[in-house]
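The values are calculated or read from the model by the stated rules, or taken from the named source; none is laboratory data. None of the values given here were measured: they were computed from a predicted structure. Backbone-built Cβ (ideal geometry, glycine too); neighbour counts: all protein chains shown. Ligands, DNA and RNA are stripped out before the accessible areas are found, and what is left, the full protein with its side chains, is counted by its heavy atoms. Shrake-Rupley method; radii C 1.70, N 1.55, O 1.52, S 1.80 Å.
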Amino acid sequence: MMALPAAPAQADFGTLFDADTQRAIASGLCISCRGAKLLCGKARCPILVRWDFMMKTAPAIDRLDLEGASPPGVFVGRFGYPKVFVGPLVPPVHGDTEVLDAPESWIGRSMEDIVSFRSQLVRGMHRVNVTEVETSGRVVDLTRELALSVASTEVEVEFTKKPHGRVVLDDNVQPFGPSAPLRDVDVGTMKIDPRLDRAYSDGDLLARDAVLGLYRTQVPVSKIQRAFSVGAFGLSKNRKFVPTRWSITAVDDTIGKVLREKVKQLPLIDSIRVHESIGFDDRFLVVQMPRPWRYELIEAWYPSTLWNPLGREVVIFGDHEGYEGRTTYASIGGCYYAARLAVGEALLREGRQGATVILRETHPGYIMPVGVWNVREHVREALRRPSRRFATLAETLAYLQTRLDIPMARYIRVSEVLKHILYQRTFDDFDIAAAAEAGALRAPG
């Protein structure tokens, strides 16, 4: 198993970033950006560049051809849009490799496991225009078929130059290994998922309806996202390749909105409850309250974590929506939509609705990005576990303080949903003064 490089000591970080980058990190700009928006004005995210450099110890594939069993996996890039790189992900191993690209099965694995899985996947790159879904040639056609496969598939690839040996890291997308331009692709016998194939074959089916229909037939979200990225859905004349990063959030958002509308028709949950899961030094506390649909994700990043490497203080921020949803893109990014999907699933499964606040407390062990699947699957895992139930919000806040290191007062100052419930009181038995005496709550300041 591949060992992770040690994170630099706090004192060493300053030597890795220029003054502008240090100011951006200290201001919290990097937490809002997460390498996607390039808010610092640089051409590449300095934090991810640092990790790129550290991950160059990943084994390179020192050859111009490669044979292996794709999980199956494909990747569509975003740089250069509308001309992007499309191609398969292929490891230099044979047999059943499905686990390498199946985030739904990664709960309980270590970060070392995830990086080991993903660093084996070599990315082949073939430049295409996003609108040329059906006219980009044999390489792209085979890549699309691979995306519709239901099981590991033998693939042979030829490169125009040897793959560049590093692990690519991104806050939305699962890591993957070295990459190189493709000369040719050959694919062995494929077993196509008939559900995906039907959606692909129906040129009159809207992309939204394809996504929702596949979700209803229990196709894993990661497989829907993969097929969405290669332009497999939608009206024939409108189909496009969608960068993998965007396809992940588009599918999460599409499903999450429909789940929300269904949940809003249901009766309220009967008590306040708290669900919990922990992974990669990330704590997820999911608080659900008997109120009409509201949703909020709040994240707290400790110093020495990925997006707060120079910080001296914990940085906390969040996004929320009320009963009618939101009209702007969440500043937290894909994590917001991934977690909302998990919340909608759980409430619909129970046949109830409620207001939900997710408190994510990220500690220094979370040293590199592994993708938004981490949030979706850990919130799913939390909501599958038995909850702790409480009669009042005061009791709930007191309990949360025992499970989180940051004072609840700081979370409440950030939380729009908790403040709404606290100060638009409908719980007759909630006594703010008693809570304050108990040390669980201080009025926001």
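Taking the conditions (1) of a type outside the set (A, V, I, L, M); (2) at pLDDT below 95; (3) open to solvent by 50 Å² or more (accessible area, probe 1.4 Å) in turn, Asn172 satisfies each one other than (3).
Has region 243-257 got at least one residue that is over 30 Å from Ala355 (Cα atoms), touching a residue at least 60 places away in the same chain (Cβ under 8 Å) and in contact with a strand residue (DSSP E or B) (Cβ under 8 Å, 6 or more places away or on another chain)? Checked against the condition, which is being over 30 Å from Ala355 (Cα atoms), touching a residue at least 60 places away in the same chain (Cβ under 8 Å) and in contact with a strand residue (DSSP E or B) (Cβ under 8 Å, 6 or more places away or on another chain), region 243-257 yields at least one hit. Filter region 123-169 for residues that are in a strand (DSSP E or B) and charged (D, E, K, R) and give the result. Answer for region 123-169, where residues must be in a strand (DSSP E or B) and charged (D, E, K, R): Arg123, Arg127, Glu154, Glu156, Glu158.
Which strands (runs of 3 or more DSSP E) does region 59-122 wholly contain that include 3 or more residues that are over 21 Å from Glu154 (Cα atoms)? Talk me through it step by step, then tell me what you get.
On the way: elements: 65-70, 74-76, 83-90.
The strands (runs of 3 or more DSSP E) meeting that bar are 83-90.
Conditions: (1) closer than 23 Å to Glu377 by Cβ; (2) over 17 Å from the mean Cα position of the chain (by Cα); (3) open to solvent by 20 Å² or more (accessible area, probe 1.4 Å). Gly318 meets all but one. Number of the miss? If we test Gly318 against (1) closer than 23 Å to Glu377 by Cβ; (2) over 17 Å from the mean Cα position of the chain (by Cα); (3) open to solvent by 20 Å² or more (accessible area, probe 1.4 Å), just (2) comes out false.
Can you confirm whether Gln218 is part of a loop (DSSP other than H, G, I, E, B) and either modelled with pLDDT of 95 or more or more than 23 Å from Ala330 (Cβ to Cβ) (or both)? Walk me through it before giving the result.
On the way: part of a loop (DSSP other than H, G, I, E, B): yes; either modelled with pLDDT of 95 or more or more than 23 Å from Ala330 (Cβ to Cβ) (or both): yes.
So Gln218 passes the test.
One residue alone among Gly334, Gly371, Gly344 is buried (at least 21 other Cβ atoms within 10 Å of the Cβ) and farther than 18 Å from Trp106 by Cβ, and that residue is Gly344.
Selection within region 375-403: residues that are in contact with a strand residue (DSSP E or B) (Cβ under 8 Å, 6 or more places away or on another chain) and at pLDDT below 95. The member of this set that is farthest from Ala300 (Cα to Cα) is Ala391. Which residue, of Arg198, Arg208, Arg216, is surrounded by fewer than 20 Cβ atoms within 10 Å (Cβ to Cβ), of a type in the set (D, E, K, R) and closer than 24 Å to Val173 by Cβ? After applying the criteria, what remains is Arg208. Selection of region 251-304 for residues being assigned to a loop (DSSP other than H, G, I, E, B) and out of contact with any Lys or Arg (no Cβ under 9 Å at 6 or more places or on another chain) yields Lys264, Gln265, Phe280, Asp281, Arg291, Tyr302, Ser304.
Tallying residues that are buried (at least 22 other Cβ atoms within 10 Å of the Cβ), under 20 Å from the mean Cα position of the chain (by Cα) and touching a residue at least 60 places away in the same chain (Cβ under 8 Å) within region 83-105 yields 3.
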